[in-house]
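Visitor: The structure follows.
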Amino acid sequence: MTRGGETLEPILQIQHLTHTYSAGTPFQRSAVEDMSFDVYDGEFLGIIGHTGSGKSTLIQHLNGLLRPTSGRVLLHGKDIWAEPKKIRSVRFQVGLVFQYPEYQLFEETVYKDIAFGPTNQGKTGEELDRCVREAARLVGIRDDQLDRSPFELSGGQKRRVALAGVMAMEPQVLVLDEPTAGLDPAGRENLMANIRDYHRNKRRTIILVSHSMDEIAQNVDRILVLKSAHVLMSGTPAEVFARADELLTAGLDVPQVTRIAMRMREKGLPINPAVYTVQALERELLALRKGGAAC
């Protein structure tokens, strides 16, 4: 994979991954089946799929919370289960933020909650303080809030504290499972802005699982679409949303702008089917008005 003329190397490689629940019983089912793909260093990858497609099971394999029934997960080319006793170190390198992570807050101050992970990494003194304060700033937590109880904060602020707790461990890969779930529109955009800033400033790999097609379309470099425990398609947002009809047939949504573009095409307007942002649709409409085609 290349970006801006630079060749990107895989940081994670998922090879023929299968995970079967209740094996050998009448309830046996594979939540992930023979799944293979790479995740590249520094990319922002989005994962979408309807409920039951395998998203949650997949991401729990990326840092060893689940062990494959078959297949492998490689981190920097090494099987993360090659040395099972070292799986804890993998979880420091691949940080996973579950949906509604604020329910996992438990310390008496915001500072101590953010510091919990890096403390378990062995960080102390100035290094620990730097990690905590830097992570807090990245998610919009002010210094004067660090001594407060996390339970005094709003829901959105609690979410930021939980996210900061994982960022403070400085993982090479940050996996986010529905990070904006339950937040109001302003809170969702504010938190996504924090995540975009983190990606831009740290150049770390981010994997975002979301049901919001607009959230995915506006933020990621590449999209992985899951269906029934398999990879249905993969590509840039333009490549994936150009196949909007397939997504809808698979029971998935598309960005609102894409729906508008599809409706315009049905009415006979030659709109590019890969339109997925307001800016792209605006360019299409201006080009039509001038009698040309958008770039």
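Visitor: At 222 nm, what value in deg cm²/dmol follows for the chain if DSSP H runs of at least 4 each add -39500 (n - 2.57) and the sum is divided by all its residues, to the nearest 500?
Guide: On the way: 11 runs with 113 residues, N = 295.
Computed mean residue ellipticity for the chain: -11500 deg cm²/dmol.
Visitor: Share of antiparallel DSSP beta bridges in the chain, in percent to the nearest 5? The partial results should precede the final answer.
Guide: On the way: 22 of 39 bridges.
Taking every DSSP beta bridge with both residues in the chain, the antiparallel ones total about 55 percent.
Visitor: Now for a different question. Over what distance in Å are the Cα centres of the range 131-201 and the range 79-112 separated?
Guide: The range 131-201 and the range 79-112 have Cα centres separated by 15 Å.
Visitor: Could you pull out the GluC sites (Glu not before Pro) across the range 17-112 that fall in loop regions by DSSP (anything but H, G, I, E, B) with no more than 16 other Cβ atoms inside 10 Å?
Guide: Within the range 17-112, the qualifying GluC sites (Glu not before Pro) (loop, at most 16 other Cβ atoms within 10 Å) are 107, 108.
Visitor: Please get the size of the charge dipole for the chain, origin at its Cα centre, with Cβ charges of +1 on Lys and Arg and -1 on Asp and Glu, quoted in debye to the nearest 20.
Guide: It works out to roughly 380 debye.
Visitor: Another question, if that's okay. Under 20 Å Cα to Cα from residue 227, which aspartates and glutamates show up? Leave out anything in the same chain fewer than 8 places away.
Guide: The reachable aspartates and glutamates, counting only those whose Cα sits under 20 Å from residue 227, are 33, 34, 38, 177, 178, 214, 215, 239, 245, 246, 253.
Visitor: Within 10 Å of each candidate Cβ there may be at most 13 other Cβ atoms; applying that plus a DSSP loop requirement, which trypsin sites (Lys or Arg not before Pro) in the range 201-295 survive?
Guide: 203, 267
Visitor: Of the chymotrypsin sites (Phe, Trp or Tyr not before Pro) in the range 80-156, which ones lie in a loop per DSSP and count no more than 10 other C-beta atoms within 10 Å?
Guide: Numbers: sites: 81, 92, 98, 103, 106, 111, 116, 151; in loops: 81, 98, 106.
When the chymotrypsin sites (Phe, Trp or Tyr not before Pro) of the range 80-156 are filtered for loop state and at most 10 Cβ neighbours within 10 Å, 106 remain.
Visitor: Given the pairs 112/158; 158/202; 55/112, which are separated by over 25 angstrom at their Cα positions?
Guide: Values: 112/158 13 Å; 158/202 22 Å; 55/112 31 Å.
Correct reply: 55/112.
Visitor: With a cut-off of 8 Å between alpha carbons and a minimum separation of six or more residues, what is the relative contact order of the range 43-178 in percent?
Guide: Computed value for the range 43-178: 31 percent relative contact order.
Visitor: Ranked highest first by average number of other Cβ atoms within 10 Å, how do 21-31, 170-180 line up?
Guide: Descending packing order for the listed peptides: 170-180, 21-31.
Visitor: In the neighborhood of residue 147, defined by Cβ-to-Cβ distances under 14 Å, what is the net charge if each Lys or Arg adds +1 and each Asp or Glu adds -1?
Guide: Cβ neighbours under 14 Å give a net charge of -3.
Visitor: Can I ask one more? With charges set only on the Cβ (+1 for Lys and Arg, -1 for Asp and Glu), what does the dipole of the range 212-269 come to about its Cα centre, in debye to the nearest 20?
Guide: The calculated dipole for the range 212-269 is roughly 180 debye.
Visitor: Cross-link partners among lysines for residue 290, C-alpha distance below 25 Å, same-chain residues fewer than 8 apart left out?
Guide: 267
Quick note: the coordinates plus some simple rules give every number you see, no bench work behind them. Nothing here was measured: the structure is a model prediction, and the numbers come from that model. Positions of Cβ are generated from backbone atoms using ideal geometry, with glycine treated the same way; all protein chains shown enter the neighbour counts.
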